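Structure first, then comments.
The values are calculated or read from the model by the stated rules, or taken from the named source; none is laboratory data. Because the structure is predicted, anything quoted here is derived from the model rather than measured. Neighbour counts are summed over all protein chains in view; Cβ atoms, including those assigned to glycine, are modelled from backbone coordinates with ideal geometry. Only protein heavy atoms, including side chains, enter the accessible area calculation; ligands, DNA and RNA are left aside. Shrake-Rupley method; radii C 1.70, N 1.55, O 1.52, S 1.80 Å.
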Amino acid sequence: MQNFTYVNATSIEQVPSLLGRSWDDAVVMAGGTDLLGEMKDFAAVPRRVVNLKSIEGLDYIRQDDAALSIGALTTLTDVLNHDAVSKDYTVLNQAVSVIASPQIRNMATLAGNILQRPRCWYYRSEDFPCLKKGGARCYAVGGVNTYHAIFGSGPSYIVHPSDAAPALMALGATVKIHGPRGGNEVVLDDFFTLPEMNIRRENILRPNEIVTELTIPKPEANSKGMYLKVRERDSIDFALVSLAAQMTVVNGTCERASLVFGGVAPVPWRAIEAERYLQGRRITESRAESAAEAAVEDAKPMPHNGYKVEIAKNLVRQAVMALAA
Amino acid sequence: MADRHDEARPDESSQSKNKTGTRFTRRGFLKGAGAGAVTAAVAPAILVSEAGKAAAQETEGVMSATVTLDVNGQSHNVEVEARTTLADALRDRLEITGPKVVCDRGECGACTVAMDGKLVFSCMTLAMDAQGRKIETVEGLADGDNLHPLQEAFIEKDALMCGFCTPGFLMSSKALLDANGDPTPEEVREGLSGNICRCGTYPHVFEAVTSAAEKMRKGG
Ligand SMILES: Cc1cc2nc3c(=O)[nH]c(=O)nc-3n(C[C@H](O)[C@H](O)[C@H](O)COP(=O)(O)OP(=O)(O)OC[C@H]3O[C@@H](n4cnc5c(N)ncnc54)[C@H](O)[C@@H]3O)c2cc1C
Ligand code: SF4
Ligand code: FES
Ligand code: FES
């Protein structure tokens, strides 16, 4: 890891001025569990690192009748142990419970989790100056693409590695951003961006902006959620495919369905066709099957990752039947 | 060179004319450009001069410093670089070598220590961030010549082969039992899921933790 200048930020307002015009100038660090790995692999070589942990009061979970607000620096362990999260936000609770290991969850923050960088092995290897790092080509094309995307990709084929992001997106969460001109808020659906917009980044955040909070509207009282994750080993591992599902089913009829995949696209991937298909319909085995087909209609698997399509279908089928039961 | 991202995102004024802000997101992608896509928020472009001026006024930060590390109740002053991890500071500077560095990426657990009572990977923690925190390593587990019940149980149950993973497992086991004196086998596995043993001693480790828990409950 290249040495850098380390600054302890003391307030949210101060941060934009500590950051720079480009990601090489400066980056922020929260738990550091992703950033330090990136820096050790020379995927990120910032001149300055701005520590957010030194800012007081960014670590909180507040609940009111309408929403849950989670400060950017809240650790995954604190999210996991929060009563309201386990009671009313099942899909988030389940997603966080399968992230990495106790040590990582103690260190990692919720905002850091949704902002973590790709795990593409070419990206994480110093030997491959790929498009995402400003190079000339994508090594996953024509290379080994077992863990790459089946949706929404090109010219980069990364998958978004976060487990919390699909869950938050399924719940309709918004993210608060603070920049040089103050704050604004955006729904997660509009926060993440595909490589064709900006191949170097995975969301709309600029080099001098930070995330300060995630706000999750309270799910309808009669809705239910769950997170399904398929991985290679059964302990610490990123998702091959995961599905965050939140559904309102009344007397066997689906009133609302929110289905978001992890591990299949450069962003948490909303299965819009499947959601549309389910809305207003009675849930039966064959409807669940058709929804699963609809979910993968647009899939464009690469030579080594066709297996993800089958897993994705299975997860939709499984979640729809479980949440309708 | 200007970051591509700066160009990629429309600023406020161009955005009202050209609503491409969400075109490349999943929703915008499906809706098509400009088809009434709601751009919930697109932050304004920064003004170079403004950012430049502000930055000059701010603290510049440090590339190295002397930090005070409180390890197992003892205070140590050590000069570190910004990039020095807690694992490297402990091992290379203070010769506290219980925490091992195997993967150096947060994957194996060999470098596990407790910081202010919380289990963390010292390979993914900056030494500067450990300043003023209470750090516990495996060296602090025994009480003088009296081994901790977990250490006794690891020996008794033959829970190590090469032993490289053992300090990490001991720290995780201790944190587990501190929080839960009577864990189920499932809870033991989950509690130790951040630690990897390449010699495959897991069954013996789980047995040792369960047996130590029992002993500790009985006050032994
Ligand atoms: C062995 C291992 C296994 C893992 N397994 C999983 C898994 O199964 N599922 C999963 O979801 N994740 C997994 N992860 C990733 C882990 O969850 C992330 O590293 C962690 O959540 C990142 O949070 P952090 O606070 O440590 O972020 P940091 O490492 O501090 O930051 C991550 C990135 O976000 C930026 N950032 C952080 N906070 C902010 C902010 N408030 N505003 C703007 N930018 C910010 C940083 O600049 C950096 O680019 C794993 C990681 C490891 C090492
Ligand atoms: S998929 Fe993206 S990150 Fe991976 S090699 Fe291709 S361009 Fe680089
Ligand atoms: S050396 Fe720190 S987790 Fe492997
Ligand atoms: S005993 Fe050898 S790695 Fe665990």
task: State whether one or more residues within the stretch A:278-292 are under 16 Å from A:Pro166 (Cβ atoms) and either over 17 Å from the mean Cα position of the chain (by Cα) or at pLDDT 95 or above (or both).
output: no
- prompt: Is it fair to say A:Ser54 is open to solvent by 30 Å² or more (accessible area, probe 1.4 Å), under 17 Å from the mean Cα position of the chain (by Cα), at pLDDT 95 or above and within 14 Å of chain B (Cβ to nearest Cβ)?
  reply: no
query: Which one of A:Arg124, A:Arg137, A:Arg201, A:Arg181 is open to solvent by 10 Å² or more (accessible area, probe 1.4 Å), at pLDDT below 95 and of a type outside the set (Ser, Thr, Tyr)?
result: A:Arg181
message: The conditions are (1) assigned to a helix (DSSP H, G or I); (2) open to solvent by less than 20 Å² (accessible area, probe 1.4 Å), and A:Lys87 fails exactly one of them. Which is it?
response: (2)
message: Within the stretch A:137-149, take every residue that is aliphatic (A, V, I, L, M) and away from chain B (no Cβ under 14 Å) and give me the one that is nearest to ligand 3 (Cβ to nearest atom).
response: A:Val144
- prompt: Restricting attention to the stretch B:84-140, which residues are open to solvent by 10 Å² or more (accessible area, probe 1.4 Å) and in contact with a Lys or Arg (Cβ under 6 Å, 6 or more places away or on another chain)?
  reply: B:Thr97, B:Met115, B:Asp116
statement: Taking the stretch B:166-205 and keeping residues within 13 Å of ligand 4 (Cβ to nearest atom), part of a helix (DSSP H, G or I) and open to solvent by 40 Å² or more (accessible area, probe 1.4 Å) leaves B:Tyr202, B:Pro203, B:His204
message: Taking the condition of being in contact (Cβ under 8 Å) with a residue 40 or more places away in the chain, of a type in the set (Gly, Ala, Ser) and near ligand 2 (Cβ under 8 Å from one of its atoms), how many residues in the stretch A:102-147 meet it?
response: 1
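For the stretch B:146-167, which residues satisfy the criterion of being within 14 Å of chain A (Cβ to nearest Cβ) and out of contact with any helix residue (DSSP H, G or I) (no Cβ under 8 Å at 6 or more places or on another chain)?
Within the stretch B:146-167, just B:Cys165 meets the criteria.
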message: Looking at A:Pro161, A:Pro166, A:Pro195 in this structure, which one is closer than 28 Å to A:Ala140 by Cβ and away from every other protein chain (no Cβ under 12 Å)?
response: A:Pro161
Residues satisfying the stated conditions in the stretch A:223-278, i.e. open to solvent by less than 10 Å² (accessible area, probe 1.4 Å), more than 11 Å from chain B (Cβ to nearest Cβ) and outside any strand (DSSP E or B): A:Gly263, A:Val264, A:Ala274, A:Leu278
